1. Closer than 25 Å to residue A:98 by Cα and assigned to a loop (DSSP other than H, G, I, E, B): is that true of residue A:195 in this structure?
2. With respect to residue A:171, is the statement that it is facing chain B (nearest Cβ under 7 Å), in a helix (DSSP H, G or I), farther than 22 Å from residue B:275 by Cα and touching a residue at least 12 places away in the same chain (Cβ under 8 Å) true?
3. Going through segment A:137-161 one residue at a time, which ones are surrounded by fewer than 16 Cβ atoms within 10 Å (Cβ to Cβ), without any contact (Cβ under 8 Å) to a residue 40 or more places away in the chain and closer than 20 Å to residue A:97 by Cα?
4. All but one of (1) outside the structural domain of residue A:171 (by TED's automatic domain parsing); (2) touching a residue at least 40 places away in the same chain (Cβ under 8 Å) hold for residue A:128, so report the exception by its number.
5. Are any residues in segment B:141-155 within 8 Å of chain A (Cβ to nearest Cβ) and either more than 22 Å from residue A:227 (Cβ to Cβ) or over 19 Å from the mean Cα position of the chain (by Cα) (or both), and if so, which ones?
6. What do you reckon, is residue A:110 within 28 Å of residue B:293 (Cα to Cα), touching a residue at least 60 places away in the same chain (Cβ under 8 Å) and in a helix (DSSP H, G or I)?
7. Please enumerate the residues belonging to segment A:120-136 that are surrounded by fewer than 20 Cβ atoms within 10 Å (Cβ to Cβ) and more than 7 Å from chain B (Cβ to nearest Cβ).
8. Among the residues of segment A:137-151, is any facing chain B (nearest Cβ under 7 Å) and in a loop (DSSP other than H, G, I, E, B)?
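The values are calculated or read from the model by the stated rules, or taken from the named source; none is laboratory data. Nothing here was measured: the structure is a model prediction, and the numbers come from that model. No Cβ is skipped: glycine too gets one built from the backbone with ideal geometry, and neighbour counts run over all protein chains shown.
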């Protein structure tokens, strides 16, 4: 889907000026309402997560604005009981390594799929798409047995290796769509102008490909960062648990009352970096997601 | 969209101007070597476990350290035997969840896409906010909605209700539906929006000149042209909900008959340490997903062809 290359729609709403003003208001009022609906729909629960995390006792205080904002929940997140810093470290290592590996392997496949001609291309694309949508649960038991036998449970490799099963197809899909849009002719042009193949690659291809590779890395990283099922199966302690598992396991002082304030604070900590990255690169991410048509 | 890439690849010939059979063969050879690492990795991480899971499902769980070949016994146990109650409950629940969630998400996502397509001012802001639910980890979203659905929680307050959301079957069902819809409808909006933006504005202009009403334009132009994007979204979401795990596992953990196919498979295989029976359940899930995807795909595509030939 070549969404990015399509020029922006000629302004459909450039209506004749003679149109009655009431009509304009009515139509745009509706549109405004719709925009407001989308923003509230998407952000209200996220807002509530932030507000709840800033309340000392969110269970008793359901006000829409924190009366006395406090960071006590954030302290609790890193306290001896939860030690969230280990989970953050684990997640960074697991998701980071997964991303690097998936991209390293995927970039070759994506180049072949986007640029070379061969007979079984359609089949290969189909297999990769099917792999991206594969139910993880169907792989889980054999992988768990394998890593148990190796004595690797509660270490990083089982999670990184298992994560590759869905991040590699995702990476290939997004990369392929980016590579297909690249103006590869420029490489030839550089060579005509006297550049060596090495120069053409360094000065033309890498700068052209970098944004697509970078965006793919973000999408793959988020997918790996958000993984839960594999991590929940392959870990037992803080030594290897990523953030998703740690948050699901958070316990409070009382076993029967969940420390929602602390959980929300951890949720905010885990989500804010992703949201910031997503906001900065939103345009590219949307292109990558919709072109690949794959959910992260 | 797979075909799109292929078609484009075919048009834009390889690097060299010479397209002799020699060049074509060299290109195919290069493609082979570039694809080999992916092939090996996917074979080891996906193909091997799948085959191994099927093998396990044909054997008994080792009671005293030995496991023997039992044929289809495990499958019979799930379909009609001692596991039937749990299996069919999860099967029905997962299917209901899939149907309701996907329909709801498509409707809301489509509406959002139409709004985003029209909105010129604030488009960046809308797109940014649409990405927020997508970026939040499902595990965190599940905890967030567990919190929202507590008896004194914000959902009951805002809607002035008094529902014990996670205390009964159907309220739990809707809690999962709402949480999943919140997280993914915006994503569908993005997919549909991408489809909408391919439609050239002139088509609408021409329709307007010919005297088409807004409703007619929508039905005769927008719907048929955006259909393939919608089918892609539908398929992705369907496959995704059929294998749903994180959300029900964290939100209800199977209480009040809210187990899904993935959660019972997980609990059997890992928590109960019944790898064979667990693999049986996961293999059934896997096959069910393939059949569902195939059926929906061919139904939807047939419909597209019909619409196209009628027009």
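1. No, not satisfied.
2. No.
3. If the condition is that a residue be surrounded by fewer than 16 Cβ atoms within 10 Å (Cβ to Cβ), without any contact (Cβ under 8 Å) to a residue 40 or more places away in the chain and closer than 20 Å to residue A:97 by Cα, then A:157 is the only one that fits.
4. Result: residue A:128 passes all but (1).
5. Across segment B:141-155, the qualifying residues are B:143, B:144, B:145, B:146, B:147, B:148, B:150, B:152, B:153, B:154.
6. Judged against the criteria, residue A:110 is a match.
7. A:120, A:123, A:127, A:130
8. No, the conditions are met nowhere in segment A:137-151.
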